[in-house]
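The structure under discussion appears below in the form of structure tokens.
The values are calculated or read from the model by the stated rules, or taken from the named source; none is laboratory data. These numbers come from a predicted model, not from an experiment. Please note: Cβ atoms are built from the backbone with ideal geometry, for glycine as well, and neighbour counts cover all protein chains shown.
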Amino acid sequence: GENVEQHPSTLSVQEGDSAVIKCTYSDSASNYFPWYKQELGKRPQLIIDIRSNVGEKKDQRIAVTLNKTAKHFSLHITETQPEDSAVYFCAASNTGTASKLTFGTGTRLQVTL
Amino acid sequence: NAGVTQTPKFQVLKTGQSMTLQCAQDMNHNSMYWYRQDPGMGLRLIYYSASEGTTDKGEVPNGYNVSRLNKREFSLRLESAAPSQTSVYFCASSGWGVETQYFGPGTRLLVL
């Protein structure tokens, strides 16, 4: 089955700096790669996703890049703010009638003032 | 429009007791999922239901059973709880041909 590795496990940046989280996946058939943000005690919420026919996608301060050949994808957050502090999860799936997501182990991002 | 709801929010069980976690969605989604979340291990898929009337095992199904009661509801049952099942359980749903999964608020389960 699919295996997703995520690094780093913790990341501390100063407000205004950029943050990058990286994930690798093992199944070359995977074609959908979402990123979820989970605040303390809350549910995971989708912040951005990318499909295998696209190399990069941007949404304001957040961007995701995908390298299918190397089987890795990354989340980039620019101009970080304290409210960006949370745990971020990457995931991968081979979509069909049901999207079975395999998650990475998470990155705890702390944005300091 | 409540999205995905779960009950209970918190539960304490003794080893060997049974319980059912309830999940419902009002988004007319075809697919529903149960995950468990443990520290340092991300979310792991327990069972899923691609559509009403079907269920399949995920990554960690041992010790659990599920029922897709109807299109809206998907329940997770622990027949004989064990301390290793102490975790936070999330239900999620997604629409037909749409990959985005929407999560419920979670159930925190403690097995003593």
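A compact table of results
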| read-out | value |
| --- | --- |
| Residue check, A:GLU56 more than 25 Å from A:THR112 (Cβ to Cβ), touching a Ser or Thr at 6+ places or on another chain (Cβ under 7 Å) and surrounded by fewer than 17 Cβ atoms within 10 Å (Cβ to Cβ) | yes |
| Checklist (1) farther than 23 Å from A:PRO34 by Cα; (2) of a type in the set (D, E, K, R); (3) touching a helix residue (DSSP H, G or I) at 6+ places or on another chain (Cβ under 9 Å) applied to B:ARG36, failing item | (1) |
| Residue match in the range A:85-97 (condition: over 30 Å from B:LYS57 (Cβ atoms) and either more than 10 Å from the chain's Cα centre (by Cα) or not acidic (Asp, Glu) (or both)) | yes |
| Only listed residue being within 11 Å of another protein chain (Cβ to nearest Cβ), within 24 Å of B:SER93 (Cβ to Cβ), more than 9 Å from the chain's Cα centre (by Cα) and of a type in the set (Phe, Trp, Tyr), chosen from A:TYR36, A:TYR32 | A:TYR32 |
| Subset tally (residues that are away from chain B (no Cβ under 14 Å) and part of a strand (DSSP E or B)) for the range A:42-56 | 1 |
| Top-ranked residue of the range A:12-24 - restricted to ones that are crowded, with 17+ Cβ neighbours inside 10 Å and in contact (Cβ under 8 Å) with a residue 60 or more places away in the chain, ranked as nearest to B:LEU45 (Cα to Cα) | A:CYS23 |
| Out of A:GLN81, A:GLN110, sole residue that is more than 14 Å from chain B (Cβ to nearest Cβ), over 28 Å from B:GLY3 (Cβ atoms) and in contact (Cβ under 8 Å) with a residue 24 or more places away in the chain | A:GLN110 |
| Condition met for A:THR95 (facing another protein chain (nearest Cβ under 9 Å), at pLDDT below 95 and either in contact with a His (Cβ under 7 Å, 6 or more places away or on another chain) or within 18 Å of A:PRO8 (Cα to Cα) (or both)) | no |
| Listing of strands (runs of 3 or more DSSP E) fully contained in the range B:13-112 that carry 2 or more residues being surrounded by fewer than 20 Cβ atoms within 10 Å (Cβ to Cβ) and of a type in the set (Asp, Glu) | none |
| Those residues of the range A:55-94 which are within 19 Å of A:ARG43 (Cβ to Cβ) and of a type in the set (Phe, Trp, Tyr), in sequence order | A:TYR88, A:PHE89 |
